[in-house]
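Just so it is clear, none of the values below were taken in a lab; they were calculated from the coordinates. Everything numeric here is computed off the predicted structure, so don't read it as measured data. Positions of Cβ are backbone-derived with ideal geometry, glycine not excepted, and every protein chain shown enters the neighbour counts.
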Amino acid sequence: MGFFGNLNAEKYDRQYTDSYLIRRIGRYMGRYRMQVFGIVTSFVVLSITASLQPILISRGVDALDADVSLVALIGGAILLAARLLDALQDPLLGWWSDRTAAASGSRLPFLVAAVPMLAVGMVGLFHPPSIHGEGLAV
């Protein structure tokens, strides 16, 4: 029989389908849908801007022979835009997380939304796409 032999023997044990569990999670998270939408949107925008930065800088390095001052200007503009976005986004996300009232705590919904995107970002960081040739799709 083994360790798991009698796990299905309980009469009071509930059997849930996957669709029922998804609906139940959706009902529970329904009151937080605007917060979750805002969190996901801000992380998507942040990840897109952060991922475009090294691509544009590498294109600029390839174009160093053309005009050095233009490459420096473009690189500086990219870094400035990223810092300006951080200067606007960080206080807004802090204000939002301070006012989030969740039973599990004010920061947990933000952490739950961040974990999948952070995992994808880490995989992308250590396995970047090849940028050789004209077939690069951004």
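Give the stretch 75-101 a look and list any residue that's of a type in the set (A, V, I, L, M, F, W, C), exposed (fewer than 15 other Cβ atoms within 10 Å of the Cβ) and over 18 Å from the mean Cα position of the chain (by Cα), or say none. Those that are of a type in the set (A, V, I, L, M, F, W, C), exposed (fewer than 15 other Cβ atoms within 10 Å of the Cβ) and over 18 Å from the mean Cα position of the chain (by Cα): 77, 79, 80, 81, 84, 87, 95, 101.
Taken together, the residues in the stretch 55-86 that are without any contact (Cβ under 8 Å) to a residue 12 or more places away in the chain and farther than 20 Å from residue 114 by Cβ amount to 19. In the stretch 60-70, is there at least one residue being over 22 Å from the mean Cα position of the chain (by Cα), closer than 23 Å to residue 28 by Cα and either among the acidic types (Asp, Glu) or surrounded by fewer than 10 Cβ atoms within 10 Å (Cβ to Cβ) (or both)? For the stretch 60-70, residues over 22 Å from the mean Cα position of the chain (by Cα), closer than 23 Å to residue 28 by Cα and either among the acidic types (Asp, Glu) or surrounded by fewer than 10 Cβ atoms within 10 Å (Cβ to Cβ) (or both): absent.
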